[in-house]
Amino acid sequence: MSVGKERKNSGFIFHKSIIINEYVLFIRVTFMLVKKKMSNYNYQPSKSSLRADTVVEFVGLSLLEFKIHEIPGMGPASIQKFSDHGIYTPAQIVAKFLSFVDSPDVTAQSVCEEFYNWANPIMGKANTHNLTFALANYAGEHGLFRYE
């Protein structure tokens, strides 16, 4: 355990840096602590540029009713890159996302991070945050995954 220097800010004591076995502590000390720790992840939901109405419309679709090009973040170039890796249908990309839900206590951040790290080399950084965010919301809305 590594602990940084303590200082007071708005009545809260927080550490500049805390590392405990690479786990994020879910103790509300300050937003700065959480934000700093979250920046260690490649996937950050705040980097998604999807509009709320786009996500709402997408999560309302049935997996059997939409085409892969209707998934937010999947343009023609991404579709071609995924097809080169054997992913041709919306069901396959959702299944790949869900394949990272590998235990009952896995966190949403961990699932999104693993999917992002898998998809990013395939499609590049351009829309990987958007795709991950869209799939996390889709899976969460349909009760396939707990997205908090």
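Please find, within the range 92-109, the residue that is nearest to LEU61 (Cα to Cα) out of those that are assigned to a helix (DSSP H, G or I) and at pLDDT below 95.
ALA108
Results for (1) touching an Asp or Glu at 6+ places or on another chain (Cβ under 9 Å); (2) of a type in the set (A, V, I, L, M), shown as yes or no for each residue.
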residue: VAL101; (1), (2): no, yes
residue: ASP105; (1), (2): no, no
residue: ASN127; (1), (2): no, no
residue: THR132; (1), (2): yes, no
residue: ALA136; (1), (2): no, yes
residue: HIS142; (1), (2): no, no
residue: GLU148; (1), (2): no, no
Next on the checklist: Taking the conditions exactly as written (surrounded by 12 or more Cβ atoms within 10 Å (Cβ to Cβ) and at pLDDT 95 or above), does GLU114 satisfy them or not?
Outcome noted: yes
Checklist outcome for this item: Scanning the range 45-78 residue by residue, the ones that are free of Cβ contacts under 8 Å to residues at least 12 places away in the same chain, within 17 Å of the chain's Cα centre (by Cα) and part of a loop (DSSP other than H, G, I, E, B) total 1
Checklist entry - Within the range 84-127, which residues are in contact (Cβ under 8 Å) with a residue 60 or more places away in the chain, in contact with a helix residue (DSSP H, G or I) (Cβ under 7 Å, 6 or more places away or on another chain) and under 19 Å from VAL55 (Cα atoms)? => result CYS112, PHE115, TYR116
Checklist entry - How about the range 79-88: which of its residues are assigned to a loop (DSSP other than H, G, I, E, B) and surrounded by 13 or more Cβ atoms within 10 Å (Cβ to Cβ)? => result HIS85, ILE87
Next on the checklist: On the basis of being among the charged types (D, E, K, R) and touching a residue at least 24 places away in the same chain (Cβ under 8 Å), does LYS81 make the cut?
Outcome noted: yes
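The values are calculated or read from the model by the stated rules, or taken from the named source; none is laboratory data. Note that the coordinates shown come from a computational prediction; the quantities given were computed from them, not determined experimentally. All Cβ positions, even for glycine, are placed from backbone atoms using ideal geometry, and neighbour counts span all protein chains on display.
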